[in-house]
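Working notes, beginning with the structure itself.
The values are calculated or read from the model by the stated rules, or taken from the named source; none is laboratory data. Worth saying up front: this structure is predicted, and the values here are computed from it rather than measured. Reconstructed Cβ throughout: ideal geometry from the backbone, glycine too, with neighbour counts over all protein chains shown.
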């Protein structure tokens, strides 16, 4: 007699799902739809520095995942906060971020707000921004980009 397995079945890895360089099915769908619509884009190539690294001069003790005791991080370097959007149009004119399910403890909402502040403070023209959770929303974003005039007289080149 066959034993019942507990829990949900394991998901197939990106390689097994034929996603290529994309990390999710939604990212692959978005790339395919952008290419079909004639919009030029790059995939995960633009990195924005939201907060530079710094040194905290005071006493700083931090919990660790593995140890019971606090770790002394006094006078150590605090790593920078960076953000790499999924899809960026030519010259950073627009950004599409694909987000499927995000757990409540995920750091993306804070990172996104820092990204918005960075764009405002940069003094450059602000791009059109889209956060899409499904294929329908990706289609809506592409329609809005075309409505705004993006994709006209541009090549159908994918760069990454």
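Things to note:
- Checking residue 151 against (1) out of contact with any helix residue (DSSP H, G or I) (no Cβ under 8 Å at 6 or more places or on another chain); (2) modelled with pLDDT under 95, the condition it does not meet: (1)
- Verdict on residue 69 being modelled with pLDDT of 95 or more and farther than 26 Å from residue 23 by Cα: no
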